[in-house]
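A.B. asks: The structure is given below, and queries will be raised subsequently.
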Amino acid sequence: MLISHSRKFRPAAPLPKIKSLVGTVSEAQLREWVEHISQPRHYSAEAKQNRVTADWLVKVFESMGLDVTHQGKYSNIVATPKKSFTEAVLVGAHYDSVPMCPGADDNGSAVAAMLGCAAACSLWRPVLPLVFVAFNREEDGLLGSRDFVESFLPKAPFRIRCAHILEMVGYASSAPGSQRVPPGLPIKIRDIGDFLSLLANRGSGEAMDFVLRRAGTYVPDLPVMGLNVKLGLEKYFPVLSRSDHAPFWLQKIPALMWTDTSEFRNHNYHRHTDTPDTLDYRFLRHVTQLLTACVIQQAQDELEP
């Protein structure tokens, strides 16, 4: 396993058009989305609220000019441009929660980051080959993302070049001792939880380096740490496959997980205290800005011959 830090990469000059769109990401808007979604919304235990959340996501994506469909038996929400393409970059986040939990960080923060990215990218012209997916039933064994990867993608008219999967990206702390390492994971990191963590395997290490290089360029105040799991070692560490990136890995589709490290930083994980007031919206904005800069650059590259 190899740990990399964004500070090891020399910042480049930002592209003016991307910098301009990154600047449109609004902390207030991200907070509004988090506050809206933060209701217990488990697929079975709070089935009505789960459906209400799905319908709300459809409306938000449609307001950005995207085509939106309910996909599969678990109602994943898939938003695509009104234009055909053969390859695409995907941004995904699950929208369900565990029972009786508001799920502000898990996974309202990630949904807000995905929406913020989609809103900024919708302003780019020409239209970019980007796919946004809100997965359902992540909290029930990744059922939604598994169905998307196994049932939808093989028949889709496009191939996924890279998937960015967001899993809790709104909690940060500058306090010593606020960050822990997952038990059994043979790595050492500092104990201050103020950084974004990226997780890659051998098929997505290049994509991780792509993100790390751009962190200093577009969000120099955001520390980013990347863990690249080599040689297929992820199968020996189940903690590395707990989110919606895992089905993509199984199908050998390059995928990165973006996370604040979940319960290894956020003590509100899967509790009724996972509420909007506990999040750091400046941190969430920085994460969204970096995501936006990276996917615009990747998707723009797809447009070039």
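Quick note: the coordinates plus some simple rules give every number you see, no bench work behind them. Every value quoted in this text rests on a predicted model; they were computed, and no experiment measured them. FYI the Cβ positions are ideal-geometry reconstructions off the backbone, even for glycines, and counts take in every protein chain you see.
A.B. asks: Quick one: Karplus J couplings for the range 185-200, per residue in order, coefficients 6.51, -1.76, 1.60, θ = phi - 60°, nearest Hz, x for Gly and Pro?
C.D. replies: Per residue, the Karplus-derived 3J(HN,Hα) values read 7, x, 9, 10, 9, 6, 9, 10, x, 10, 10, 7, 10, 10, 10, 10 Hz.
A.B. asks: Here is a further query. Taking the radius of gyration and the Kirkwood hydrodynamic radius from Cα positions alone, what is the Rg/Rh ratio for the range 162-305, to two decimal places?
C.D. replies: In the range 162-305, Rg relative to Rh is 0.96.
A.B. asks: Over the Cα atoms of the range 3-50, each weighted equally, I'd like the Debye log10 I(q)/I(0) at q = 0.26 Å⁻¹, rounded to two decimals.
C.D. replies: Here log10 of I(q) over I(0) equals -0.94.
A.B. asks: Same structure, new question: Leaving out same-chain residues fewer than 8 places away, which lysines sit with a Cα under 20 Å from that of LYS83?
C.D. replies: Leaving aside lysines fewer than 8 places away in the same chain, those within reach of LYS83 are LYS59, LYS155.
A.B. asks: Nearest 5 percent is fine: what portion of the DSSP beta bridges confined to the chain is antiparallel?
C.D. replies: In the chain, approximately 40 percent of DSSP beta bridges are antiparallel ones.
A.B. asks: Averaging sequence separations of C-alpha pairs under 8 Å and six or more residues apart, then dividing by the length of the range 85-139, give the relative contact order as a whole percent.
C.D. replies: Relative contact order here is 59 percent.
A.B. asks: Compute the relative contact order of the range 42-126 as a whole-number percentage, counting only Cα pairs closer than 8 Å that sit 6 or more residues apart in sequence.
C.D. replies: Result for the range 42-126 is 28 percent.
A.B. asks: Label points 7 Å out from Cα along the Cβ direction at SER44 and LYS19: separation in nm?
C.D. replies: Reported label-point gap for SER44 and LYS19 is 5.2 nm.
A.B. asks: Which FRET efficiency, nearest 0.05, do PHE158 and MET100 yield, Cβ-Cβ r, R0 51 Å?
C.D. replies: With R0 = 51 Å, the Cβ-Cβ based efficiency is 0.85.
A.B. asks: Sticking with the crude label model, points 7 Å out along Cα→Cβ, report the distance from HIS70 to VAL52 in nm, one decimal please.
C.D. replies: Computed distance between label sites HIS70 and VAL52 equals 1.6 nm.
A.B. asks: Quote the FRET efficiency, to the nearest 0.05, computed for LEU2 versus ARG271 with a Förster distance R0 of 25 Å and r equal to the Cβ-Cβ distance.
C.D. replies: So, using R0 = 25 Å, E works out to roughly 0.15.
A.B. asks: Averaging sequence separations of C-alpha pairs under 8 Å and six or more residues apart, then dividing by the length of the range 117-218, give the relative contact order as a whole percent.
C.D. replies: 14
A.B. asks: Turning to a different aspect of this structure: For the range 89-241, rounded, prolate or oblate, judged on the Cα gyration tensor with a ≥ b ≥ c (square roots of eigenvalues), a/c < 1.5 rounded, else prolate if a/b > b/c?
C.D. replies: It comes out rounded by the Cα gyration axes.
A.B. asks: Rounded, prolate or oblate: which fits the range 214-281 when a ≥ b ≥ c are the square roots of the eigenvalues of the alpha-carbon gyration tensor, with rounded for a/c under 1.5 and prolate only if a/b beats b/c?
C.D. replies: Here the range 214-281 falls in the oblate category.
A.B. asks: What's log10 of I(q)/I(0) for the chain at q = 0.06, 0.08, 0.10 Å⁻¹, Debye sum over Cα points only, no solvent?
C.D. replies: -0.16, -0.30, -0.48
A.B. asks: Taking a quarter of the surface of the Cα convex hull of the range 129-218, what do you get in nm²?
C.D. replies: Across all orientations, the range 129-218 yields a mean hull projection of 8.3 nm².
A.B. asks: Further question: Using every alpha carbon pair in the range 1-126, what percent of pairs falls into each 5 Å bin from 0 up to the bin containing the largest distance?
C.D. replies: Cα pair-distance distribution for the range 1-126, in percent: 2, 9, 17, 19, 18, 14, 10, 8, 3, 1.
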